[in-house]
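Throughout, read-outs are computed from the coordinates displayed, never taken from laboratory work. All figures in this text were calculated on a predicted structure; none of them were measured in a lab. Methodologically, a virtual Cβ is constructed for each residue, glycine included, from the backbone with ideal geometry; neighbour enumeration extends over all protein chains shown.
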Amino acid sequence: MPNLKFPNIPAQVSGFVSKLENSHLFARVPKKIFRTVLVILILAILGSAIYFPVTAFSGTTATATTDTLQTATATRGDLVIYASGSGTLIASDEVDLAFSTSGQVKHVYFKVGDIVQKGDLLADVDDTDAQIKYTQARRTLMELTSVAAVASAQQAVATAQTDVDDAMNTLEYLISPGVVHWELEVEKAKTALADAKTAADAATSDTELQKKLQDAEYYLDYVQDKLAGSWQWYEQSYLKNNFTVWDRQSGTKYIAAPTDSEILEARAAVTEAKATLQEAEYLYAALTGGEVPADATGSGLTDLENAKLDLESAQKTLDGTKIYAPISGTIMSIDTSVGDTVSTSAVITLANLSQYYLEIFLDETDWGNVAVGYEAEIVFDALPEKTFTGEVTQVDPGLYTSGNTSVVRAIVKMDKTSEDIHLPLGTAAAVDVIGGRAENAVLVPIEALHQAGDQYTVFVMENGEPKLRVVGVGIQDLIYAEIKSGLDAGDVVTTGITETK
């Protein structure tokens, strides 16, 4: 083996090696073997010197990056859920008033800012023409409903009844009283059968109704048989007894039976007489407060109804010449003056300022955080140092669209009266609707919750170990959740795992 030299070893190390070679201890060891072994020892020492520090450093690095369990302590506190939006001040009632009859304004009885009571006359237009038309319509109706008119209607009923009797007598003479009687009975039986069938078909399991239907069928068969027998008797006996004619010239007798046209004419006379009687009875009932069907007819009844409608129209036209206050409130605006000619456009605005409301608009994502009965906090732009309160009284069932934006529209009733606010209608405000409030509640960070179906759970630290526990959850915001059951203030819950180095 060649000589090994250590050009990079310091001189003192080289000297130390030389002393070892010449020492009494290694004097008998050949120098080549000695130096070879020494080189091996040095390499081993250097390898150890490098290996152990690197290994130690690597081990330290591997164990320094660990998973740390994050925890939080359940505390007691207040939690409030807000839905923020904007709104404007409105009155509890605000109405735009107009004349329903056009004309020239005669009087305006109040001015802007005046407080009026419900029923007060606010303004009027010239009513001369309207008054004339009303007087004429009223006179016409009075003539149609006078004592003389009532008496005339009663007389018409009596006359119509006589005409019915005469027409019936004529028909009975032509076809016999028996035939007329059983014809009427057949018509009644057919009507009764139709009614019984309708009732029985609607309740097929009702034995009583089925029995009535059967009885109605039997009765119709009975009266039809009677009618057939009456016609037979008519042909065999009645015509002979009542229409036998003696021909003096020939000295013979013959039966001059009524012709079909004579019988049809007599039947038509009965129908017409009955219709006239019915119309006369309708008119008399209308004049005396009796019941009149909706489909009642008759020229007299039509004239009476038209007269009533004309009077109502004239009354409406006359009433339209005046504007009365429909509510108590404050005159907000008047857009006309005495002498102006007006149509039916609004000229007066009246508002009830005894109670203020806010019309508010919220983002559609807050739909679930606003409902009737929720509290609201209001800060007006004009009074930024004050916070007012109110209550939601209305939430529109659909989104309100303004421009290209859809929002939730709601109405808030303010707790303060107009005397406390001193602000004009239309004043803008910032509004927070309180969607939920929990006071002195057990609160945990939202990260501690785990939802499983309809249940919520948390991991609670017990003796250094996380234990699963079911909890009852109330309101939540983006940071905290209210715990209603299953957890006490002071309990430690896990909120996740975080890597630390």
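Couple of notes before you dig in:
- Neighbour count of at most 12 Cβ within 10 Å plus DSSP loop: longest GluC sites (Glu not before Pro)-free window in the chain: 1-290
- Rg then Dmax, both in Å and based on the Cα atoms of the range 353-438: 13.0, 38.
- Size of charge dipole - the range 137-305 - debye, nearest 20, with Cβ of Lys, Arg +1 and Asp, Glu -1, no other charges: 380 debye
- Loop-located trypsin sites (Lys or Arg not before Pro) in the range 246-352 (DSSP state other than H, G, I, E, B) with a sparse environment of at most 14 neighbouring Cβ atoms within 10 Å: Arg248.
- P(r) of the chain over all Cα-Cα pairs, binned every 10 Å from zero, in whole percent: 3, 9, 9, 9, 9, 8, 10, 10, 8, 6, 4, 3, 2, 2, 2, 2, 1, 1, 0, 0, 0
- 5 Å-binned pair-distance histogram of the range 182-331 (Cα, whole percent): 1, 7, 8, 8, 9, 9, 10, 10, 9, 7, 5, 5, 4, 3, 2, 1, 1, 1, 0, 0, 0
- In a DSSP loop and with at most 10 other Cβ atoms within 10 Å, there are no trypsin sites (Lys or Arg not before Pro) in the range 184-213.
- When the Cα positions of Pro177, Val223, Ala257 are compared along the charge dipole of the range 137-305, Ala257 comes out farthest toward the positive end, with charges on each C-beta of Lys, Arg, Asp and Glu.
- Structure-based [θ]222 nm, the chain - -39500 (n - 2.57) summed over DSSP H runs of at least 4, per residue, nearest 500: -14000 deg cm²/dmol
- nm² value of the averaged projected area, convex hull over the Cα atoms of the range 225-314: 10.8 nm²
- Unit charges on C-beta of K, R, D, E only; dipole of the chain, Debye: 4560 debye
- Charged-residue dipole, Cβ positions (Lys, Arg, Asp, Glu), the range 353-438 about Cα centre, Debye nearest 20: 120 debye
- Options Gly300, Ile497, Leu425, ranked by Cα towards positive dipole end of the chain, top entry (Cβ charges): Ile497
- With 32 Å as the limit on Cα-Cα distance, the pairs of Lys118/Lys416; Lys322/Lys416; Lys211/Lys240; Lys212/Lys240; Lys226/Lys253; Lys190/Lys253 that go past it are Lys322/Lys416; Lys211/Lys240; Lys212/Lys240; Lys190/Lys253.
- Ranking Thr75, Leu141, Gln117 by Cα position along the charge dipole of the range 65-166, where only Lys, Arg, Asp and Glu carry charges on their C-beta atoms, puts Thr75 farthest toward the positive end.
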